[in-house]
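Structure, as structure tokens:
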Amino acid sequence: MKTKTNELKCNTNVEIAGFIEKIRDQKNMQFIILRDLYGAVQITVDKSKCTSLLSVTEKLSINSFVIIKGEVVENSYVKLGGKEIIPSEIIIESIADTLPIDEESNIDQKLDYRWIDLRQPKNALMMKVQTLFTHSVRNFLYERDFVEMHSPKIISQPSESGSDLFTLDYFGEKAYLTQSPQFYKQMAIASGLEKIFEVGPVFRAEKSFTSRHATEFTGIDLEIANMHNVEDIMKFEEEMLTYALEKVKEKFGEEIKQYFGIELTIPTLPFPRIEMKTAVEILQDLDFDIEFGEDFSTEQEKALGEYLIRKNGHEFYFITDYPAEIRAFYHMKDEKGLTAKGYDLYWKGIEITTGAIREHRYDILLAQAIERGNSQKKLQFYLDFFKYGCPAHGGFGIGLDRITMLLLGIPTIKESMFIFRGPTRIKP
Ligand code: ATP
């Protein structure tokens with residue numbers, strides 16, 4: 001096993017492996033900085049003493065991958081942790097060509113060579129933070145008896161409107177890529193699984209060129225049986241998010257500050273809640289042309305976010321009580337039949353979640369589907385989930401890459417995911 005660069009002990013012989021980050025060549029000495037996932041270390045080659053290594057070191061280029069065997073020694077002059085490695089052997093695993101990107105490259109050039117871009121410690125940190133966030137969410141759910149599902153991504157009927165669907169040919173039949181695991185989460189509830197979640201890919205054929213939309217992203221979706229009150233869903237979500245953010249701050253708070261220049265704020269509970277009606281009034285007071293019943297434009301969302309964050313001193317807020325007709329047909333309506341029992345959650349002015357109590361009563365669900373122009377025939381397979389007994393339930397869906405973007409203050413989702421997919425990007 002190779003020793004990690006953050007676990008090097010002085011006066012021991014080690015074998016390490018990594019990319020060459022820098023080479024400084026002097027008349028008598030050569031200094032090589034090697035980086036692995038855990039950090040970086042200086043390799044010091046005394047040309048007069050290590051003559052046998054010179055035929056190897058002269059071939060090295062930046063980003064070549066090498067294995068180095070040698071002794072770790074203390075040297076207070078070395079900036080990287082006050083130690084260096086005096087090599088006895090250098091094995092070249094792979095020589096790197098001149099790199100096609102550097103710090104000056106624009107984002108599209110960087111995305112073309114994403115694997116090289118990801119070698120930057122800042123980007124590796126983004127991946128580690130995303131891992132821990134997801135792991136913490138999983139832990140939180142596992143502790144509460146949730147069951148994980150892996151629902152199909154190739155489907156015959158979409159759960160949302162048809163406009164943002166990728167279609168594909170399925171042995172001569174038309175099929176789609178899922179825009180959400182919604183129907184299957186609800187099927188799992190009808191299956192008696194009670195508490196269900198999935199972390200998986202979500203596809204949206206939206207020609208959106210914003211900083212927060214991707215055509216493929218990772219969704220964290222969950223659904224809970226025996227939920228009647230949307231307040232209980234919101235409470236569950238705010239506790240889950242706060243728990244996961246605490247875990248991230250505990251482990252990576254300092255590094256996040258160092259590489260991204262931001263202090264991660266752990267939100268206080270409860271998050272502020274605001275009704276859609278009040279949000280519309282605020283926007284009207286801010287001179288926006290909006291009526292109750294219309295959805296927010298991006299500009300309105302932004303202005304509302306700035307106002308609420310300033311007023312509440314809180315980065316998060318739920319917007320609740322949307323008019324039923326602008327929400328999905330499967331959201332349960334309130335007793336008057338006007339308002340959907342659902343919410344959107346915003347962080348730093350950007351939507352991160354839609355949640356709701358779902359309609360589980362077959363006849364009402366069917367009526368709501370038809371009222372919204374859906375064909376019963378097409379939806380029958382879904383409606384059948386509610387025909388043979390089903391508990392009341394509710395849940396939500398979070399965009400993981402949006403959370404990562406906001407958590408680290410990254411300006412665009414393109415850089416807050418492993419590989420970005422957008423309307424004009426399908427490589428690498
Ligand atoms: P938006 O209005 O921002 O396009 P939406 O209302 O379509 O989002 P939902 O269908 O409710 O979003 O999806 C649940 C969550 O998934 C969103 O709150 C967001 O975090 C994330 N999400 C939705 N669309 C995208 C996308 N195109 N790229 C990345 N994340 C997304």
Checklist outcome for this item: Stretched fully, the stretch from Glu148 through Tyr388 gains (0.36 nm per residue minus C-alpha distance, one decimal, in nm) 84.1 nm
Item to check | Residues whose placed amide H lies under 5 Å from that of Arg372, excluding near-sequence neighbours | outcome: none
Checklist outcome for this item: The Cα radius of gyration of region 1-156, divided by 2.2 N^0.38 Å with N its residue count, comes to 1.35
Item to check | Loop-located GluC sites (Glu not before Pro) in region 167-252 whose Cβ has at most 11 other Cβ within 10 Å (DSSP) | outcome: none
Item to check | Karplus-derived 3J(HN,Hα), 6.51/-1.76/1.60, for each residue of region 350-361, Hz, glycine and proline x | outcome: 10, 5, 10, 8, 10, x, 5, 7, 9, 7, 10, 8
Next on the checklist: Tell me whether region 52-113 comes out rounded, prolate or oblate; compute the Cα gyration tensor, take square roots of the eigenvalues as a ≥ b ≥ c, and use a/c under 1.5 as the rounded threshold.
Outcome noted: oblate
Checklist entry - To the nearest Å, what is the center-to-center distance of region 262-303 and region 182-211, using C-alpha atoms only? => result 25
Item to check | region 390-421-region 71-87 distance, computed between alpha-carbon centres (Å) | outcome: 41
Checklist outcome for this item: Once amide hydrogens are built 1.01 Å from N within the peptide plane, the residues lying 5 or more places from Asn63 or on another chain with amide H under 5 Å from its amide H are Ile20, Glu21
Item to check | Volume in Å³ per residue [convex hull over Cα atoms, computed for region 207-314] | outcome: 177
Checklist outcome for this item: Residue ranges of DSSP H helices in the chain that stretch 15 Å or more (Cα, own long axis) and have mean Kyte-Doolittle hydropathy of at least -1.0 are 121-143, 230-260
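Among the chymotrypsin sites (Phe, Trp or Tyr not before Pro) in region 139-173, which ones are in a DSSP loop with at most 11 other Cβ atoms within 10 Å of the Cβ? Mind listing them?
Passing both the DSSP loop test and the Cβ count: Phe171.
To one decimal place, what orientation-averaged projected area in nm² is obtained for the convex hull of the Cα set of the chain? Let's see the in-between values first.
Values: hull surface 102.7 nm².
The number I arrive at for the chain is 25.7 nm².
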Checklist entry - Full extension from Lys311 to Asp285: what is 0.36 nm times the residue separation minus their Cα-Cα distance, to one decimal in nm? => result 7.9 nm
Checklist entry - Each residue of region 39-56 in turn: what ³J(HN,Hα) in whole Hz from Karplus with 6.51, -1.76, 1.60 and θ = phi - 60°, glycine and Pro shown as x? => result x, 9, 9, 8, 10, 10, 10, 8, 4, 6, 9, 10, 4, 5, 8, 5, 5, 7
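Are there GluC sites (Glu not before Pro) in region 290-338 that DSSP puts in a loop and that have at most 11 other Cβ atoms within 10 Å, and which ones? Each step should come with its number before you reach the end.
Working: sites: Glu291, Glu294, Glu299, Glu301, Glu306, Glu315, Glu325, Glu335; in loops: Glu291, Glu294, Glu315, Glu335.
Listed in order of number, the matching sites are Glu291, Glu335.
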Checklist entry - For region 418-428, what does the Karplus curve 6.51 cos²θ - 1.76 cosθ + 1.60, with θ = phi - 60°, yield as ³J(HN,Hα) per residue in whole Hz, taken in order and with x for Gly and Pro? => result 4, 9, 8, 10, x, x, 10, 9, 10, 9, x
Item to check | For Phe271, distant residues with modelled amide H under 5 Å away | outcome: none
Item to check | Part-to-part distance (alpha-carbon centres) for region 224-252 and region 113-137, which is given in Å | outcome: 23
Item to check | Kirkwood-based shape ratio for region 362-428, expressed as Rg/Rh from alpha carbons | outcome: 1.22
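Each reported figure results from applying straightforward, stated rules to the coordinates on display, with no laboratory input. As the structure is a computational prediction, the values presented were derived from the model and not from experiment. With ideal geometry, Cβ positions are generated from the backbone for all residues, glycine too; neighbour counts draw on all protein chains shown.
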